[in-house]
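Here is the structure we will look at.
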Amino acid sequence: MKRIVGTEMKRLMLAVTLAVLLLLVAIISYFLIDVLVTSYNNTQDNKELMIAQSVRTVDNMGANIEKMTTDWEFIELFNIDYIQRALAGDMKSLYGMIVRLTVGIQPVDYVAVIAGGQIVDYRAKDGMTIDKASMLVTPPEDGYQTLDRLGDREGFFISCFYSVPLSRYGFEDLYLNIVVDRTSELQAIEGYFQRERNNMLTGLLIAGGIAILLSILVTTFGLRFLVEKYIVKPIEQLNRTAEQISQGSFEGEVHVDEKSAFAALQGLLKSGQVIMRLHDREIAKKPGPGSSEPGKDVG
Amino acid sequence: MNVLAEESMNVLAKEIEKILAEAVGDFLAKAILNKNCTLLGINRDLITPDKMSPLLQNIQRSVTFFDSEETAQSVAARMLAAVK
């Protein structure tokens, strides 16, 4: 018998497949966006953490420098000539000592002594050229700022200001501007989260691809099997029964399952079968004497 | 009924079924034609005008059973016209 539900089944499978694919794409997109956003947030959080740690480290450096240049316990370890010159009002010697001490024994890339709103002395790591006019001379609002360039070098730098209150010793108060290079640390953080993100994206895309393939297989074969079993076959059975009843070749009784969604159709076929039986019995009888010959009563 | 069987059905059978379908519907038209052909031992695909008289008589009785005497006579008249 010719299958009359083929089109409906194709449409159903197409609709279910598209719905499942849409759902999968939505889920995969959600996780893709989540991975990207989480990775970005993690990078930013770690970058801020690294900056905060660097600022703390630089503050400690500033405190050490201040202690070395103001505490007699340390001052007496230095060349007494410098001390005497500073006490005599030659502040350049003090500033020079501060910048040399800072760059010499601390892991910093640039230090400047700022007095009266001007850079009075500065020093950078060997090989680095700094245009002091381009450097800040007043502390930023947060006490630090990040730079993407220091002199002729590009990267990620943290510039901190440390206050040295020398007025209590009869000198002008100073600021130390200390800049540390954190390019490699930032690259490490970004590299780590980029690798993590790429690994997660790769895994997600592979899993998503497999899920899409499986969903197509399940909706194509699984759904086809289930629809054939629970919808197509019962309908085909009804069609077959109807054909057989109309051809007079149906034997047995039409079974009506009250729980079936096709109960009404089954009932209709059963009624048809009963009526056809009554008809068959009526026709099988010999025509009565009053019955008319075809055509005789007509025209 | 498969397509091949439908195509092989002769013109007369098709015409009878068509006239019947207009009176009692497709399902009953097929059932009436099939049953009466079977009862009379006629192959429905090989209906010829000389076999029409007993077939028409039976069809008229069937239509009377399912509808009314008037409809049966009308159907029989149309079938006779078709045979001529």
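What follows draws every value from the coordinates through simple rules; no lab data is involved. Here the structure is a predicted model, which means the values were calculated and not measured. A quick note on method: Cβ atoms are made from the backbone with ideal geometry, for glycine too, and the neighbour counts reach across all protein chains shown.
What to note about this one:
- Around the amide H of residue A:147, modelled in the peptide plane, lie the amide H atoms of A:157, A:158, A:159, all under 5 Å away and 5 or more residues distant in sequence or on another chain.
- Counting Cβ atoms of other protein chains within 10 Å of each Cβ in B:74-83 and taking the mean gives 3.
- Report note on the peptides A:155-164, A:211-220: ranked by the mean count of other C-beta atoms within 10 Å, highest first, their order is A:155-164, A:211-220.
- Choice from A:254, A:20, A:232 showing the highest fluctuation, given a GNM over chain A with Cα pairs closer than 10 Å: A:254
- Chain A: most fluctuating residue of A:283, A:178, A:245 per GNM, C-alpha cutoff 10 Å: A:283
- Other protein chain Cβ atoms within 10 Å, averaged over every residue that makes up B:59-65: 5
- Normalised contact order of chain B, rounded percent, pairs of Cα under 8 Å and 6 or more residues apart: 31
- Tensor-based shape of the stretch A:68-122 (alpha-carbon gyration tensor, a/c under 1.5 rounded, otherwise prolate or oblate): oblate
- Length-normalised contact order for chain A - Cα pairs under 8 Å, 6+ apart - percent: 18
- Farthest towards the positive end of the charge dipole of the stretch B:3-83, among the residues B:72, B:36, B:23, is the Cα of B:36, using unit charges on the Cβ of Lys, Arg, Asp and Glu.
- In this simple spin-label model, placing a label point 7 Å from the Cα along the Cα-to-Cβ direction at both residue A:142 and residue A:268 gives a separation of 7.5 nm.
- Highest-first arrangement of A:165-171, B:46-52, where packing means the average Cβ count within 10 Å: B:46-52, A:165-171
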